[in-house]
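Read through the structure below, which is laid out as structure tokens, and then see the notes.
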Amino acid sequence: MAGAALTTGTNNSFFGYFAGTAVAGGSGNTLIGASAGSTLAAGSNNTLVGTLTVATGSSNAILGTGASASTFSACVVLGREATATGSNQFVVGSTTYNAGTVTTAVVAQAAYWTVKINGTDYKVLLGL
């Protein structure tokens, strides 16, 4: 039952029960897992791995059961139920399933990378 709605688009790969069943267009998608990308109608170049992974945008890399980029694009989302809240985000963990401990920095952060960890935005120090 994978990719049952596919009417246009090329170079898509769907593996898993109900994977990509809503895909009616879009190209270059790889959806792996039961109901992976079941809401993806026309996005392109997405890689979704895990049961119930969700995305409707393009160029997302999502790994984890229930992980989501919703309507956003160009996100990297890792972890069970990890969720992007905007485009171009790097997300690790969720508020329910933490991806590790966060420690407060003791030095001023001149250069940092904003990363959503366990549902909260953090600034990752890149240099002094």
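With all protein chains kept in place, the per residue accessible area of the chain amounts to 51 square angstrom at a probe of 1.4 angstrom. Count Lys and Arg as plus one, Asp and Glu as minus one, and take only other residues whose Cβ is under 13 Å from that of Gly50; the net charge is then 0. What relative contact order, as a whole-number percentage, does the chain give when Cα pairs under 8 Å and 6 or more residues apart are counted? In percent, rounded to a whole number, it is 12.
Net charge of the neighbourhood of Ser68, taken over other residues with C-beta under 14 Å away and scored Lys/Arg +1, Asp/Glu -1, is +1. Among rounded, prolate and oblate, which fits region 86-128 when a ≥ b ≥ c are the square roots of the eigenvalues of its C-alpha gyration tensor, a/c under 1.5 means rounded, and a/b larger than b/c means prolate? Cα axes put region 86-128 in the oblate bin.
Solvent-accessible area assigned to carbon and sulfur over region 13-128 amounts to 59 percent, based on a 1.4 Å probe.
The values are calculated or read from the model by the stated rules, or taken from the named source; none is laboratory data. For clarity, every value in this text was computed on a predicted model and none was experimentally measured. Cβ sites come from the backbone with ideal geometry, for glycine too, and all protein chains shown count toward neighbours. Accessible surface is based on the protein model in full, side chains and every heavy atom, while ligands, DNA and RNA are left aside. Shrake-Rupley method; radii C 1.70, N 1.55, O 1.52, S 1.80 Å.
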